[in-house]
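The values are calculated or read from the model by the stated rules, or taken from the named source; none is laboratory data. From a predicted model like this one, the values you see are computed outputs, not experimental measurements. Because the Cβ atoms are built from the backbone with ideal geometry, glycine has one as well, and the counts that use them run over all protein chains shown. Quick note on the areas: whole protein, heavy atoms, side chains included, nothing else; ligands and nucleic acids left out. Shrake-Rupley method; radii C 1.70, N 1.55, O 1.52, S 1.80 Å.
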Amino acid sequence: MSRGDMAKPLLGHGSTEGDPSITPASGRTIGVLGSGDFARSLAIRLVCSGFKVVVGSRNPKRKASLFPSAAEVTFQAEAVKKTDVIFVAVFREHYSTLCDLADVLAGKILVDVSNNTEINHHKESNAEYLASLFPACTVVKGFNVVSAWTLQSGARDGNKQVLICSNSQEAKRTVAEIAQVMGFTPVDMGCMSSACEIENIPLRLLPAWKIPIFLALGLFLCFFTYNLIRQVIHPFIREQKNKFYKIPIEVVNTTLPCVSYVMLSLVYLPGVLAACSQLYYGTKYRRFPDWLDQWLQHRKQIGLLSFFCAALHAVYSLCLPMRRSHRYLLIETAVKQAVEKKMNIWVEEEVWRMEIYISVGIIALGLLSLLAITSLPSIANSLNWREFSFIQSSLGFIALVVSTLHTLTYGWSRAFDENQYKFYLPPTYTLTLLVPCTVIIAKVIFSLPCIRHRLLRIRRGWEKGRYVKFVLPRATGEYSSGETSSNV
């Protein structure tokens, strides 16, 4: 393909002044059947985009005040006669009420914007059902993934993509031009058989977030139960002390950093496993297992949940001195020191530990904030691939190392204190170090020149055990074919 062909846009922007048969997209008349919220928002957006809008309603006098003054509100039959492109903004169960307009609708483009209340609620999609009712019309599925709020506020405040499908290329091009003038990005999803998939998209609740959310909840419950046993159940059984007041804040605040730390390490662990697989098999063309492939695809969501837990941990930590229990314990400690006549309670090691612990924690939270911000599409699109890779990969690994230092300074020498092993259970932070330290050690090993060079060759297409044919020159001037292994 020549460079000139690659530079051509999917939708032409050429002038149409010399061809009277072509109507500029921004100057044509668009019909809207329906008077609901979506129909009103659609009419507002079309008018603001420079289109002439004719709204068809069964009660035009009563509905006229709901639409912008620039839009003409009339009966459905009259609206259909004035335009060739009509947005059908009515529910599926009301399609049959339009059957009286079948003769007037013949040969026109119907844009179905409807959605269902349940996924795969009907055997056929709404667009296919509409096409079966009006076989003389050309049906296009589109604009159903755009909310009424996005239509009113413009594409700047929502997803700019408009998914379109139809059996007619010309009809899809027409609707795509209208969407582009409205400020949206049309996406061709193929023929009408894709309508069912498009209609299911608005009904899915966070499809890419289910596994990461369940993972975060599972880790939270495990660490929360573990901390509850150590901080509340142990003193209640062994010392008969009631410390259940710690559950709402202190136990939760101990659990959140554990979840955040482990989740952050789980962002980079699948990359380590993928690299091990490539080194073992000596190729990048072998498909990863499905579980690893799914894990790699959910790294962004896992990282954002890690940042969310870290941010909550920071807020909880700032609120710790505000608790009434903390004030009581502080006063009780001060009274004991006064009774015992302790004038100097300064412990140099503890002071330095806390200063380093808090400082490193702030740096870790800052790095996580940078990772979260750059993962947003609006920010990521402003970065080139090298910048994005440096922030997400290099700075992300640095964030993991800094978080590890934050955990180590929290533990300090207490990991060797036998009093910290309640019910013979090790402190929680020692458990959280297992996965992150494994990732860090693996990353260090992969950075060794011998391994890094081999992994780089594999990712550039080199394969172990592959044979390449080449030609050997003979002394007589003839040539013969030979074979050599590419890993020699």
Quiz item: Can you pick out the pairs among Lys241/Lys336; Lys160/Lys284; Lys52/Lys172; Lys52/Lys160; Lys81/Lys123; Lys61/Lys82 whose Cα atoms lie more than 27 Å from each other?
Solution: Lys160/Lys284; Lys81/Lys123
Quiz item: By the scheme Lys and Arg +1, Asp and Glu -1, what is the net charge of all other residues having a beta-carbon under 14 Å from that of Ala216?
Solution: +3
Quiz prompt | Extreme residue, positive dipole direction of the stretch 29-203, given options Asn59, Ile164, Ser69 (C-beta unit charges) | solution = Ser69
Quiz item: So what J values fall out for the stretch 196-211 if you push phi through Karplus, 6.51 cos²θ - 1.76 cosθ + 1.60 with θ = phi - 60°, rounded to Hz, Gly and Pro as x?
Solution: 4, 5, 5, 6, 7, 4, x, 8, 7, 9, 6, x, 7, 10, 4, 4
Quiz prompt | Percent antiparallel among DSSP beta bridges (both partners in the chain, rounded to 5) | solution = 25
Exercise. Quick one: order Trp291, Trp385 from most to least accessible surface, probe 1.4 Å.
Key: Trp385, Trp291
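Keeping the other protein chains in place, figure out the carbon and sulfur percent of the accessible area of the chain, with a 1.4 Å probe.
60
Does the chain come out rounded, prolate or oblate, given a ≥ b ≥ c as the square roots of the eigenvalues of its C-alpha gyration tensor, rounded meaning a/c under 1.5 and, failing that, prolate meaning a/b above b/c?
In terms of gyration-tensor shape, oblate.
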Self-check item: Val47 accessible area, 1.4 Å probe, all protein chains in place, Å² to nearest 10
Solution: 40
Quiz item: Just for the stretch 29-203, what percent of DSSP beta bridges are antiparallel, to the closest 5?
Solution: 5
Self-check item: Accessible surface, the chain, averaged per residue in Å² (probe 1.4 Å)
Solution: 59
Quiz prompt | Solvent exposure, largest accessible area first (probe 1.4 Å, DNA, RNA and ligands not counted), of Arg452, Arg386 | solution = Arg386, Arg452
Quiz item: Between rounded, prolate and oblate, where does the stretch 29-203 land on the alpha carbon gyration tensor, with a ≥ b ≥ c its root eigenvalues, rounded for a/c under 1.5, else prolate if a/b exceeds b/c?
Solution: rounded
Quiz item: the stretch 245-280 to the stretch 30-78: how many Å between their Cα centroids?
Solution: 53
Quiz item: Once phi is turned into ³J(HN,Hα) by the Karplus curve 6.51 cos²θ - 1.76 cosθ + 1.60 with θ = phi - 60°, what whole-Hz value does each residue of the stretch 355-363 show in order, with x for glycine and proline?
Solution: 5, 5, 4, 5, 4, 5, x, 5, 5
Self-check item: In order through the stretch 174-191: 3J(HN,Hα) via Karplus (6.51 cos²θ - 1.76 cosθ + 1.60), integer Hz, x for Gly, Pro
Solution: 5, 5, 5, 5, 4, 4, 5, 5, 6, x, 9, 10, x, 10, 7, 9, x, 7
Quiz item: In deg cm²/dmol, rounded to 500, what helix-only [θ] at 222 nm does the chain give when every DSSP H run of at least 4 residues adds -39500 (n - 2.57) and the total is split over its residues?
Solution: -15000 deg cm²/dmol
Quiz prompt | Cα-centred dipole magnitude for the chain, charges only on beta-carbon of K, R (+1) and D, E (-1), debye, nearest 20 | solution = 1020
Quiz prompt | For Phe75, residues with placed amide H under 5 Å, excluding near neighbours | solution = Ser57
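Rank these residues by their accessible area, most exposed first, probe 1.4 Å: Thr97, Thr430, Thr255. Working shown, then result.
On the way: Thr97 65, Thr430 35, Thr255 0 Å².
Putting Thr97, Thr430, Thr255 in descending order of accessible area: Thr97, Thr430, Thr255.
Determine how many Å³ per residue the convex hull of the Cα atoms of the stretch 209-460 encloses.
Once divided by residue count, the hull of the stretch 209-460 is 168 Å³.
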Quiz item: Ile237: accessible area at probe 1.4 Å, nearest 10 Å²?
Solution: 90
